[in-house]
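Visitor: One structure is given below, represented as structure tokens, and several questions about it will come after.
Just so you know, all these numbers are worked out from the coordinates, no wet-lab data involved. Source: prediction; values computed, not measured. Heads up, the Cβs are rebuilt from the backbone with ideal geometry, glycines too, and the neighbour counts pull from every protein chain shown.
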Amino acid sequence: MLISRADFTDPRLASFLQAHLDDMEPTAPPESRHALDLSALEAPHVRMWVATDADGIVGTAALVALDDHHEELKSMRTEPRVRGRGVASMLLAHALEDARSRRVVRVSLETGSMSFFAPARSLYAKAGFVPCAPFGSYVDDPNSTFMTLELTPR
């Protein structure tokens, strides 16, 4: 598996991200779905990575700058055919190391509170994320779980 910066001209990425949005649609009402679309991920304050194998894109992860020292983890998705093989763990580690290298001190995230998102919440807790209050423009929402991780410099 190879992790590299996202190529937004790759049509496979657009399809992969659309599948992410499609996955989210039945999980919560529209106001509780916070996945970013392709154009939002292309913004200058976003860093996005793609994991690929011989068959194509197997995962994505992005960091969105909230301020100079706090970023939000977004667009974590693993291709269903490879779930459970460590793709998400590798992407998360890659994104967190990138944040550390840029002296980011906190990474936060929002994910669903429903059972569909239990594996994601478990992954984040295993990486050291802890529950937190809503951050940025988020508000309390029973469909959302908010988590944060204080980064230690390396």
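Visitor: By the scheme Lys and Arg +1, Asp and Glu -1, what is the net charge of all other residues having a beta-carbon under 14 Å from that of Asp53?
Guide: Around Asp53, the charge tally is +2.
Visitor: Rounded to the nearest 0.05, what FRET efficiency is calculated for Glu150 and Arg5 with R0 set to 30 Å and r the Cβ-Cβ distance?
Guide: It comes to 0.75.
Visitor: With a/c under 1.5 counting as rounded, go ahead and sort the range 8-93 into rounded, prolate or oblate using the C-alpha gyration tensor (a ≥ b ≥ c being the square roots of the eigenvalues; past the cut-off, prolate if a/b is larger than b/c, else oblate).
Guide: rounded
Visitor: Additional query: Applying 1/(1 + (r/R0)^6) with R0 = 25 Å to the Cβ-Cβ distance of Asp67 and Lys126, what FRET efficiency is obtained, to the nearest 0.05?
Guide: 0.40
Visitor: Of the options His34, Ala61, Leu92, report the single residue whose Cα projects farthest towards the positive end of the charge dipole of the chain (beta-carbon charges: Lys, Arg +1; Asp, Glu -1).
Guide: So the residue furthest toward the plus end is Leu92.
Visitor: FRET efficiency for Ser115 and Ala43, Cβ-Cβ distance as r, R0 = 25 Å, nearest 0.05?
Guide: 0.20
Visitor: How far is it, in nm, from the label point at Asp53 to the one at Glu31 when both lie 7 Å from their Cα along the line to the Cβ?
Guide: 4.1 nm
Visitor: May I pose another question? Between the range 16-41 and the range 54-72, what's the alpha-carbon centroid distance in Å?
Guide: 15 Å
Visitor: Using amide H atoms built 1.01 Å from N in the peptide plane, name the residues 5+ places from Glu71, or on other chains, whose amide H lies under 5 Å from its own.
Guide: For Glu71, the qualifying residues are Leu66, Arg106, Val107, Ser108.
Visitor: Moving on. Calculate one ³J(HN,Hα) per residue across the range 13-24 by plugging θ = phi - 60° into the Karplus curve 6.51 cos²θ - 1.76 cosθ + 1.60, and present them in order as whole Hz with x for glycine and proline.
Guide: 5, 4, 5, 4, 5, 5, 4, 4, 5, 5, 4, 6
Visitor: I've got another one for you. State the label only: which of (1) 112; (2) 179; (3) 103 corresponds to volume of the Cα convex hull per residue in Å³ computed from the shown model?
Guide: Step by step, volume of the Cα convex hull per residue in Å³ for this structure corresponds to label (1).
Visitor: A further question follows. Pairs of alpha-carbon atoms within less than 8 angstrom and 6+ residues apart define the contacts here; what relative contact order does the chain have, in percent?
Guide: 19 percent
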